[in-house]
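Below is one structure; the comments refer to it alone.
The values are calculated or read from the model by the stated rules, or taken from the named source; none is laboratory data. Just so you know, these numbers come straight off a predicted model, no measurement behind them. Here the Cβ positions follow ideal geometry from the backbone for every residue, glycine too, while neighbour counts run over all protein chains shown. Calculation scope for accessible area: heavy atoms of the full protein, side chains included, ligands and nucleic acids excluded. Shrake-Rupley method; radii C 1.70, N 1.55, O 1.52, S 1.80 Å.
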Amino acid sequence: MERAEAYGFSAAWSGALLLSCLLFAAISHRQRGPYMDEAFHVPQAQAYCQGRLLQWDPMITTLPGLYLLSVGVVKPVAWLLGWTGHVVCSVGMLRFINLLLAAGNFCLLYLLLLKIHGKNKAVSGFQRILSTLTLAMFPTLYFFTFLYYTDPGSVFFTLFAYLMCLYGNHKTSALLGFCGFMFRQTNIVWTVFCAGNVVAEELNKAWETELQKKKDEKISPRRGSSPNLIRILQFLIEYLISPKKLVALTALTWPYIMLVIMFFVFVFINGGIVVGDRSSHEACLHFPQLFYFLSFTVFFSFPHLLTRTRIRKFFLSLQKHPVQYSLIAVISLFLIWKFTYVHKYLLADNRHYTFYVWRKIFQRHELVKYVLVPVYMFAGWSVVDTLQSKSIFWILMYFVCLLAVTVPQKLLEFRYFILPFLVYRLNIPFPSLYRQLLELAFYIVVNAITFYIFLNKTFQWPNSDEIQRFMW
């Protein structure tokens, strides 16, 4: 890192932290008590603070990583500063843990951008810092920095594991993946993603060697056109059924394999992936979740994806491959018809934005969910098109993990999209400076509106005296 870039990063990090501290003070002043899921998380953390480690709220669905980390940070600090009484593990103190994790996420995002795009000399240090600031303020993640939720910690350990994976420290990566798993069980998918990075790199090397042997066949390992995809899949099958190559891959990825084995042991002993409240968190094949994620990605990446050039390129692709797109449309319509689920929480809880998205868009007419298929197709094509700088094996691996982390979820919840979005956004090429600034401005506006609504547009339910607030 050059000195000017180091100073720029320090200034951006300090400014973002100062802004977050001011917002933290405002939110903690207006919402002093636990809100929403904090009503479960805060008492559980306080029980751990008091040494009652065997006490467990059956409504909590995640493992105790958040509470163990909180106690591990708060208790030593309280002892050093001589704090006693209600201050220790208070709501404000517990929320502050997430503010620290958000500061860590800022650093991890920068280091990941530096590692992934460091060889691109066209990208300046200012652009890296700008993208870091933008992703750190990603609205869905940034909002939960100020509440005692698992999201900042889940993102922190997963991004840290990804960074260590890219640097080849696979044992450390697997250990950090375990920490991420302790925050949210579905993070095991991102452990598989880290292992998949290693496998994709080896496959790409083997594929390039294969191409050198067949110079007369001009098949690019970085372009996933339909004819080439068939040959690549054939190569993939031949590679993976080779015992010698499987042993070599196992030797490279064994820390991740051990963690995945531990996960399956946990699922077997626990009787499922969810720790508590299983009736409200049942796994299912909810394929439209993939479409929702793609639409979510286009919405928050519109400066990158909604350009004249890209839209024109999509229509040219439609004209060139009408049969393939027609088949994709038919499959999409079938998946929406047979596999659309509506969770009871989505229909009942009017505090979440998803409630209004569903009511204002999807519930307007029975046909709306089918009419949106062209939007989903453009979104899917755009996501794949922006990842063309990655190898075809990386793209396949990412989409396998994306399906694994979204499709089993019955509830439409924007928080579930945070990690797959960040992984996608970290790996696409840098746009022009103008589009980067537009993206940052858009995130700032969305955050400003979100926090204003949360703090000022309160309401009450008819059968409750509690103040309700709108949130992601």
Return the residues of the stretch 26-42 that are in a helix (DSSP H, G or I) and open to solvent by 60 Å² or more (accessible area, probe 1.4 Å); say none if nothing qualifies.
HIS29, ARG30, PHE40
Return the residues of the stretch 254-297 that are out of contact with any Phe, Trp or Tyr (no Cβ under 9 Å at 6 or more places or on another chain) and open to solvent by less than 10 Å² (accessible area, probe 1.4 Å); say none if nothing qualifies.
TYR256
Sole residue being β-branched (Val, Ile, Thr), over 17 Å from PRO255 (Cα atoms) and either out of contact with any Leu (no Cβ under 9 Å at 6 or more places or on another chain) or at pLDDT 95 or above (or both), chosen from THR191, THR209
THR209
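Are any residues in the stretch 391-423 polar (S, T, N, Q) and either in a helix (DSSP H, G or I) or surrounded by fewer than 19 Cβ atoms within 10 Å (Cβ to Cβ) (or both), and if so, which ones? Full working, then the answer.
At the first step, the residues of the stretch 391-423 found to be polar (S, T, N, Q) are 391, 406, 409.
Correct list: THR406 only.
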Inter-residue pairs, beta-carbon under 8 Å, first more than 14 Å from PRO374 (Cα to Cα) and in the stretch 319-334, second loosely packed, with under 13 Cβ neighbours inside 10 Å, 6+ apart:
HIS321/SER226
Enumerate the pairs (first residue in the stretch 452-472 and within 14 Å of TYR35 (Cβ to Cβ) and open to solvent by less than 80 Å² (accessible area, probe 1.4 Å); second residue anywhere and aliphatic (A, V, I, L, M) and in a helix (DSSP H, G or I)) with beta-carbon separation below 6 Å, excluding pairs fewer than 6 apart on the same chain, so at least 6 apart or on different chains.
PHE470/ILE453
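Condition check ((1) of a type in the set (Gly, Ala, Ser); (2) under 28 Å from ASN187 (Cβ atoms)) across all residues:
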position	(1), (2)
TYR356	no, no
ARG359	no, no
PRO374	no, no
GLY380	yes, yes
VAL384	no, yes
ALA404	yes, yes
TYR416	no, yes
May I ask you to list pairs of residues, at least six apart or on different chains, whose Cβ atoms are under 9 Å apart, with the first in the stretch 291-315 being among the polar types (S, T, N, Q) and the second being outside any helix (DSSP H, G or I)?
SER295/LEU372; SER301/ILE428; THR307/PRO431
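Return the total of residues in the stretch 74-91 being outside any helix (DSSP H, G or I) and closer than 15 Å to VAL42 by Cα.
Within the stretch 74-91, the subset outside any helix (DSSP H, G or I) is 82-84, 88-90.
Right, trim to closer than 15 Å to VAL42 by Cα and you get 88-90.
So the count comes out to 3.
To keep it simple, each residue is scored yes or no on (1) surrounded by fewer than 16 Cβ atoms within 10 Å (Cβ to Cβ); (2) within 30 Å of ILE269 (Cβ to Cβ).
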| position | (1), (2) |
| --- | --- |
| TRP56 | yes, yes |
| LEU80 | yes, no |
| LEU101 | no, yes |
| CYS107 | no, no |
Residue among GLN436, GLN388 that is over 30 Å from GLY272 (Cβ atoms) and surrounded by 18 or more Cβ atoms within 10 Å (Cβ to Cβ)
GLN436
Residue check, TYR162 part of a loop (DSSP other than H, G, I, E, B) and open to solvent by less than 30 Å² (accessible area, probe 1.4 Å)
no
How many residues does the stretch 226-241 contain that are farther than 26 Å from ASN169 by Cα and either open to solvent by 50 Å² or more (accessible area, probe 1.4 Å) or at pLDDT 85 or above (or both)?
11
